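Trainee: Quick one: this structure, given as structure tokens, is what I'll be asking you about.
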């Protein structure tokens, strides 16, 4: 994760988050555990845009996060408006990695960078090969993202 980056991920899904009062710790900034929730919102939104509905979780697909890394760059405060980006970083046989950034608006300053490794599971909870069209669906869902404003989700 590049410390000099300026929030310029290409081919990434984006959602917007507004910092809420109950996400603050006793120091007045967002508690570090909240960032994992925001990153999950970004992952789930990206998966839904690729056609993997959360509602179909038990019926059609299941992933398990096996690794999560977060580098915190700058604290976030009540009233901050943030963008969570989610990009496909690596595709393996039974696993894939997602790279994310949390950016403060309006200047898209990076406040956190993250990497998550997820494993695709079968109905018995065992690793199973990713769907053959997983990467193609991800890329197809991104077509035109840079040409139009992506949908936002307000927290």
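Any read-out appearing in this document is the output of simple, stated calculations on the displayed coordinates, not a laboratory observation. Quick caveat: nothing in here was measured; it's all calculated off a predicted structure. All Cβ positions, even for glycine, are placed from backbone atoms using ideal geometry, and neighbour counts span all protein chains on display.
Trainee: Treat each spin label as a single point 7 Å out from the Cα along the C-beta direction, and report the residue 24 to residue 121 distance in nm.
Mentor: Those two pseudo-labels are separated by 3.7 nm.
Trainee: Return 102, 110 ranked ascending by Cβ neighbour count within 10 Å, so the fewest neighbours appear first.
Mentor: 110, 102
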